[in-house]
């Protein structure tokens, strides 16, 4: 009786192997993005020169007014977003249904932001940053995962 009551109060539901693989891949992609965003944040806050492979476009983009919101580097918001996606993916892999919804919402918000930032690079700055393009690729992959698995949050 106590065992049955304990299972009823838990938010976690059993997950299929496919879901675990899906959220593991998403978590790994988010970790890669988190590492890059932390690197860019530290570089921006310390004023260090970035290793951009000699590309002047990288410096043009990351040194622009679009790379900051007030005194805060935009990369710090990216780090927060990637950390959120990583966290939601891990909890979702363990079957927490609510975090699956948060995962999807966060990825879609990141996708919309990425589209705006790509527009800024292409049409306002006329320069592309390799770090920004790497981050965009990660977000496109995460969005592709979300799109390729419709109804993921409704089924177990």
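The values are calculated or read from the model by the stated rules, or taken from the named source; none is laboratory data. Being a predicted model, the structure only gives us computed values, none of them experimental. When we count neighbours, we look across all protein chains shown, and the Cβ atoms used for this are built from the backbone with ideal geometry, even at glycine.
Numerical summary
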| read-out | value |
| --- | --- |
| Contacts under 7 angstrom Cβ, first residue in region 72-83 being surrounded by fewer than 18 Cβ atoms within 10 Å (Cβ to Cβ), partner in a helix (DSSP H, G or I), 6 or more apart | 83/34 |
| Residue check, residue 119 touching a helix residue (DSSP H, G or I) at 6+ places or on another chain (Cβ under 9 Å) and within 24 Å of residue 41 (Cα to Cα) | no |
| Odd one out for residue 105, checked against (1) modelled with pLDDT of 95 or more; (2) more than 19 Å from residue 137 (Cβ to Cβ); (3) in contact with a helix residue (DSSP H, G or I) (Cβ under 8 Å, 6 or more places away or on another chain) | (3) |
| Subset of region 94-130 (residues that are surrounded by fewer than 20 Cβ atoms within 10 Å (Cβ to Cβ) and touching a residue at least 60 places away in the same chain (Cβ under 8 Å)) | 94, 95, 96, 97, 98, 125, 127, 128, 130 |
| Residue 49, sole failed condition from (1) exposed (fewer than 14 other Cβ atoms within 10 Å of the Cβ); (2) assigned to a helix (DSSP H, G or I) | (2) |
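Listed here are the residues, each with its yes/no results for (1) at pLDDT below 95; (2) under 30 Å from residue 126 (Cα atoms).
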site: 26; (1), (2): no, no
site: 30; (1), (2): no, yes
site: 50; (1), (2): yes, yes
site: 79; (1), (2): no, yes
site: 94; (1), (2): yes, no
